[in-house]
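Visitor: After the structure tokens below, expect a handful of questions from me.
The values are calculated or read from the model by the stated rules, or taken from the named source; none is laboratory data. What you see is a predicted model, and the numbers here were worked out from it, not measured in a lab. In this analysis, Cβ positions are derived from the backbone assuming ideal geometry, glycine residues included, and neighbour counts consider all displayed protein chains.
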């Protein structure tokens with residue numbers, strides 16, 4: 001007969017969405033449910049789904065899968081120049097799913113959507129040979145440290161890979177003449193994680209310019225009712241820490 005999954009015999013597939021999928025979360029969920037964790041991506045302004053992995057063709061990485069049929073896509077390299085064939089850049093899309101505009105906000109609409117109907121998602125993505133997209137990070141959350149581009153999700157993924165870490169959030173904080181990387185970490189309970197332990201782990205697993213300048217341990221990360229981390233509050237914490 002058909003093999004049943006222990007504990008979840010009627011569960012056929014599971015999906016993630018709403019923010020970049022963390023590799024550690026993906027591994028934990030797949031181990032718990034004995035199923036592939038599918039991933040998707042979209043935004044309210046696009047109806048909302050733009051990409052989705054397929055249950056019949058699961059991916060081992062954290063890709064959001066290919067663009068859905070009927071939607072055009074283009075990547076702008078260096079986040080400014082049109083380069084439709086680039087494999088990395090800011091994602092622009094066009095299709096019947098794209099909004100007409102923000103209600104009674106023509107200037108706001110014009111800031112994200114051009115006259116040809118293309119809308120800027122504000123996300124930088126990588127596209128592989130099969131057309132699968134992987135979210136690298138938000139353009140507006142890009143940290144420029146000593147001239148190097150650093151996207152928070154990449155740093156968070158390494159931090160979260162430490163067994164003593166429950167979750168983390170990384171932000172950029174403007175300082176005189178530069179931008180510093182600040183990490184807020186929620187440790188696993190009762191494991192005794194120290195800042196020194198984490199710094200050594202990051203030294204072994206992360207390029208020097210991507211390592212956080214400061215690490216703060218918090219019992220909980222501030223989040224909205226839907227679970228999204230409130231980065232604005234963390235930015236305030238970082239600024240206040242610098243002012244003392």
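Visitor: Restricting attention to the range 192-242, which residues are within 14 Å of residue 166 (Cβ to Cβ), surrounded by 13 or more Cβ atoms within 10 Å (Cβ to Cβ) and at pLDDT below 95?
Guide: 223, 229, listed by residue number.
Visitor: Moving on to the next point. With the requirement that a residue be within 26 Å of residue 34 (Cα to Cα) and in a strand (DSSP E or B), what does the range 45-75 give you?
Guide: Of everything in the range 45-75, those that are within 26 Å of residue 34 (Cα to Cα) and in a strand (DSSP E or B) turn out to be 49, 51, 52, 54, 57, 65.
Visitor: Restricting to the range 204-244, name every residue that is part of a loop (DSSP other than H, G, I, E, B), closer than 12 Å to residue 181 by Cβ and under 20 Å from the mean Cα position of the chain (by Cα).
Guide: 206, 207, 211, 212
Visitor: For residue 130, indicate whether it is in contact (Cβ under 8 Å) with a residue 60 or more places away in the chain, exposed (fewer than 12 other Cβ atoms within 10 Å of the Cβ) and assigned to a loop (DSSP other than H, G, I, E, B).
Guide: yes
Visitor: Among the residues of the range 89-108, what is the count of those that are buried (at least 17 other Cβ atoms within 10 Å of the Cβ) and over 14 Å from residue 43 (Cα atoms)?
Guide: So the count comes out to 2.
Visitor: Check off (1) in the same structural domain as residue 209 (by TED's automatic domain parsing); (2) in contact with a strand residue (DSSP E or B) (Cβ under 6 Å, 6 or more places away or on another chain); (3) outside any strand (DSSP E or B); (4) surrounded by fewer than 18 Cβ atoms within 10 Å (Cβ to Cβ) for residue 117 and give me the number that stays unchecked.
Guide: The number of the failed condition is (1).
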